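Asker: Questions regarding the structure given below will be posed in turn.
The values are calculated or read from the model by the stated rules, or taken from the named source; none is laboratory data. Just so it is clear, the structure is predicted and the values come from calculations on it, not from any experiment. Cβ atoms come from the backbone with ideal geometry, glycine included; neighbour counts cover every protein chain shown. The protein model used for the area step is the full one, side chains on, heavy atoms only, and it has no ligands, DNA or RNA in it. Shrake-Rupley method; radii C 1.70, N 1.55, O 1.52, S 1.80 Å.
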Amino acid sequence: MMSGIRAEIRIDADGTCPIVEASTDREAPSYTVARSVAGADARRVTEEFMLESGAEPATSVALTETFDYGAKTMYRFSRKRGRGCPCETVESFECPIVDLHAREDSLYLVFHAVDMETLQGTIRELRERFPTVDVRRLLRGETDAPEDNLVFIDRSRLTERQREVLETAHRMGYFEHPKGANAGEVADALDITTSTFSEHLSAAQSKLLDAILDA
């Protein structure tokens with residue numbers, strides 16, 4: 001029996017996240033992000049994040065310096081809820097975010113989904129709202145199973161082209177029974193030959209199987 005899924009997601013926040021704005025402006029990653037409802041006003045949220053010390057980063061919201069660690073500085077901001085940011089989107093599926101940081105113009109967040117349906121719904125909603133949503137890692141747990149039975153999938157093993165082939169094939173129903181599309185139809189959608197599609201698919205599946213069977 002499955003006991004949940006841990007997901008790490010990379011999102012192009014598309015100007016909706018002040019933490020990404022600050023990280024991009026300073027060309028440095030953020031650390032130790034925390035979120036909470038602001039006092040008695042449940043319509044607002046307060047967030048804190050840490051950057052390497054330096055000039056105050058430029059963002060679309062006002063920042064307050066809350067603590068100086070010497071090498072790093074903690075900043076705080078408050079803003080209205082309901083802006084459709086990535087964090088609120090994930091939390092709307094009752095998935096608390098357990099880790100959050102920004103680097104290289106993207107937001108990285110980690111959350112636990114209680115089942116595959118919740119995970120799929122969360123990813124689907126994120127992809128409807130944001131231009132780029134990349135599932136980086138999935139860790140699937142099993143009830144009463146020893147730790148060495150946990151399956152860890154790192155999508156960074158795949159090239160961009162291999163991920164595109166897998167995602168397109170999955171979206172078109174290539175892996176369904178009966179198939180929603182054959183190899184030629186998926187290849188046409190990708191504007192490649194059937195043999196090239198087969199090569200990319202075989203390489204991607206081999207990497208994924210290596211990750212599963214070597215775990």
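Asker: If you check E21, E88, which single one turns out to be among the charged types (D, E, K, R), farther than 22 Å from A113 by Cβ and open to solvent by less than 60 Å² (accessible area, probe 1.4 Å)?
Answerer: Just one listed residue meets the conditions, E21.
Asker: Checking A187 against (1) assigned to a loop (DSSP other than H, G, I, E, B); (2) over 24 Å from Q120 (Cβ atoms), only one condition comes out false. Which one?
Answerer: Every listed condition holds for A187 apart from (1).
Asker: Restricting to the range 74-88, name every residue that is closer than 21 Å to D41 by Cβ and not in a strand (DSSP E or B).
Answerer: Selection gives R81, G82, R83, G84, C85, C87, E88.
Asker: Quick one: in the range 42-65, of everything that is among the polar types (S, T, N, Q) and assigned to a strand (DSSP E or B), which residue is modelled with the lowest pLDDT? Outline the logic, then answer.
Answerer: To start, the set of residues in the range 42-65 that are among the polar types (S, T, N, Q) comprises 46, 53, 59-60, 64.
Going one step further and asking which of them are assigned to a strand (DSSP E or B), we end up with 46, 64.
Details: T46: 90, T64: 95.
Of everything passing the filter in the range 42-65, T46 is modelled with the lowest pLDDT.
Asker: Continuing with this model, one more query. Mind checking which pairs have a first residue in the range 177-204 that is surrounded by fewer than 17 Cβ atoms within 10 Å (Cβ to Cβ) and a second that is not in a helix (DSSP H, G or I), Cβ under 6 Å, 6 or more apart or different chains?
Answerer: From the range 177-204, the pairs are G180/M172; G180/G173.
Asker: Just wondering, is there one or more residues in the range 23-35 that are of a type outside the set (G, A, S), at negative phi, assigned to a loop (DSSP other than H, G, I, E, B) and at pLDDT below 90?
Answerer: Step one: filter the range 23-35 for residues of a type outside the set (G, A, S), giving 24-27, 29, 31-33, 35.
Subset that is at negative phi: 24-26, 29, 31, 33, 35.
Those still in the list that are assigned to a loop (DSSP other than H, G, I, E, B) too: 29.
Keeping just the survivors that are at pLDDT below 90 gives none.
No, every residue in the range 23-35 fails to be of a type outside the set (G, A, S), at negative phi, assigned to a loop (DSSP other than H, G, I, E, B) and at pLDDT below 90.
Asker: Of the residues that sit in the range 91-109 and are of a type in the set (A, V, I, L, M, F, W, C) and outside any strand (DSSP E or B), which one is surrounded by the most Cβ atoms within 10 Å (Cβ to Cβ)? It would help to see each step written out before you state the result.
Answerer: Applying the first criterion (of a type in the set (A, V, I, L, M, F, W, C)) to the range 91-109 yields 93, 95, 97-98, 100, 102, 107, 109.
Then drop every residue that is not outside any strand (DSSP E or B), which leaves 93, 95.
Numbers: F93: 17, C95: 20.
Among residues in the range 91-109 that are of a type in the set (A, V, I, L, M, F, W, C) and outside any strand (DSSP E or B), the one surrounded by the most Cβ atoms within 10 Å (Cβ to Cβ) is C95.
Asker: Could you list, in sequence order, the residues of the range 32-58 that are over 22 Å from the mean Cα position of the chain (by Cα), open to solvent by 30 Å² or more (accessible area, probe 1.4 Å) and not acidic (D, E)?
Answerer: V37, G39, A40, A42, R43, R44, S53, G54, A55, A58
Per-residue answers, yes or no, for (1) in contact (Cβ under 8 Å) with a residue 12 or more places away in the chain; (2) of a type in the set (D, E, K, R):
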position	(1), (2)
R26	yes, yes
A34	yes, no
R43	yes, yes
F49	yes, no
E56	yes, yes
E65	no, yes
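Asker: Does G39 meet the test of being assigned to a loop (DSSP other than H, G, I, E, B), modelled with pLDDT under 90 and closer than 19 Å to T16 by Cβ?
Answerer: No: the conditions fail for G39.
Asker: As an exercise: evaluate S156 against (1) polar (S, T, N, Q); (2) at pLDDT 85 or above; (3) under 17 Å from the mean Cα position of the chain (by Cα) and give the number of the one condition it does not meet.
Answerer: (2)
Asker: Would you check if D68 is out of contact with any helix residue (DSSP H, G or I) (no Cβ under 8 Å at 6 or more places or on another chain), open to solvent by 50 Å² or more (accessible area, probe 1.4 Å), within 25 Å of L119 (Cβ to Cβ) and at pLDDT 85 or above? Steps first, answer last, please.
Answerer: On the way: out of contact with any helix residue (DSSP H, G or I) (no Cβ under 8 Å at 6 or more places or on another chain): yes; open to solvent by 50 Å² or more (accessible area, probe 1.4 Å): yes; within 25 Å of L119 (Cβ to Cβ): no; at pLDDT 85 or above: yes.
So D68 does not fit the description; no.
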